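Here's the structure we're looking at; comments come further down.
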Amino acid sequence: MSDWKRSSVCLCHSSTSTGSDFCLRSAVRKHNPAVDVYHSTAGETALPLLGLCEAAIEERKSDQRTHVLILHTEAGHSDVSQAEWFDNTAWVHAVQICDLERISHVDLLLTLALGFDFVLLQKLPLGHAAADQSREVELAQMMGGERRLELFVSQLELRNSMAELPRAGGRWPYKRPVLGPNRRATARACATVLMPTVHQPLNLPQDAPYGTVELDLSACTMCQSCVWLCPTDALSIGEHKCELVFVESHCIQCGMCKSICPEDALKLRPRIDPQPSADTQQILHQVEPFKCTSCGVPFVAKSMMDRLLARIWGRKGVQASEDVQELIPLCHSCQIQKQQGGNTKRAPMMIKAGQVSRQPL
Ligand code: SF4
Ligand code: SF4
């Protein structure tokens, strides 16, 4: 016989406005002390389903049955109650969520990696929320939840999914993931555990928030515009300002680097790379540095300096007085020293036309 446990989780934070623990969005559960109101704590990663996952792990130690999690809304309460009457050999935890649209691929991956063999999620009614939910489910399936995660719209579909469980693999091997410092890192850690035999990056849908960037080396001028705009520091400038460095696990595929790049040198490639190398810095591009003409410290890409000087000399959109021209080939600290009237480490050279190679603009 199956063994069903029922509970409710409130994610709508209504208790913060009322001062007591009840869910404003649920008429049935209102004032019900059994509702677990989820409070996110400052500085902690918000993982509202972590508690029930931990409880499921404890159950697994003494119970060898397939562990199933059903997530549903208040409207799905009766469908789930009726499905409970049909014979099954699973251990089932059915959880009513007041704000089911807030359950994302991160939560779904967490439940599959931490304690549950299968997750059955009630499909939301048509609309934006339903489209978002389908996207999140597809993403979780591609990140390791394939064959273990399904949507249901009716009692019949729920019963059919339950009946298919033994054929769908029964109990899955379990290895506890090391949870990350944020939801994104947690999702990656869960995906790694859920795909133990995957050692190559897996392509994801176009709008997935994980992936890499591909750089056209012949087009990139190391102007650094993409680095300034990248909101997650996935792109940065390496040593001597002449290396473009990238960390894949930080990239959210927002596309800001691609849209700002004046040379159209970047392409986005949504994918998940479960290997630890995705957390390390990789050098996308490395160019010859230009050295400060006063102190000799490299401070900018030579190609960038060449282009700037070529524009000044060619009077193509950039004009600079002689004083300013003297400052251009100096590093920041030598520029300050010169502007404050101090001596630079050695007398700055005036760069004359022809001293650096000119490039076509
Ligand atoms: S990729 Fe584009 S924006 Fe980034 S440094 Fe190269 S040219 Fe500049
Ligand atoms: S897609 Fe967004 S997060 Fe990724 S490197 Fe470009 S700007 Fe940074």
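The values are calculated or read from the model by the stated rules, or taken from the named source; none is laboratory data. Source: prediction; values computed, not measured. Using ideal geometry, Cβ is built from the backbone for each residue, glycine included, and neighbour counts are taken over all protein chains shown. The accessibility values were calculated without ligands, DNA or RNA, using every heavy atom of the protein model including side chains. Shrake-Rupley method; radii C 1.70, N 1.55, O 1.52, S 1.80 Å.
Of note:
- When each of K61/K123; K241/K338; K123/K175; K291/K338; K302/K338; K267/K291 is checked by Cα-Cα distance, pairs over 24 Å: K61/K123; K123/K175; K267/K291
- The mean accessible area for residues of the stretch 92-221, using a 1.4 Å probe and ignoring ligands and nucleic acids, is 45 Å² per residue.
- Cut-off 9 Å between beta-carbons: net charge of the residues surrounding F299, Lys and Arg +1, Asp and Glu -1: +2
- Residue by residue, the stretch 117-128 carries 3J(HN,Hα) couplings of 7, 9, 10, 10, 10, 5, 6, 6, x, 3, x, 4 Hz when phi is fed to the Karplus relation 6.51 cos²θ - 1.76 cosθ + 1.60 (θ = phi - 60°); x denotes Gly or Pro.
- Judged by the gyration tensor of its Cα atoms, with axes a ≥ b ≥ c, the stretch 116-204 is oblate; a/c meets the 1.5 cut and b/c is at least as large as a/b.
- The string of couplings for the stretch 62-70 from the Karplus curve (6.51, -1.76, 1.60, θ = phi - 60°) is 10, 10, 8, 6, 5, 9, 10, 10, 10 Hz, one whole number per residue in order, with x for Gly and Pro.
- Annotation: for a label point projected 7 angstrom from Cα along Cα→Cβ of N182, residues of the stretch 237-252 with backbone N closer than 15 Å are 247-252.
- Whether the stretch 41-192 is rounded, prolate or oblate, judged on the alpha carbon gyration tensor where a/c under 1.5 counts as rounded: oblate
- ³J(HN,Hα) computed for each position of the stretch 199-205 - Karplus, 6.51 cos²θ - 1.76 cosθ + 1.60, integer Hz, glycine/proline x: 10, 10, x, 10, 5, 10, x
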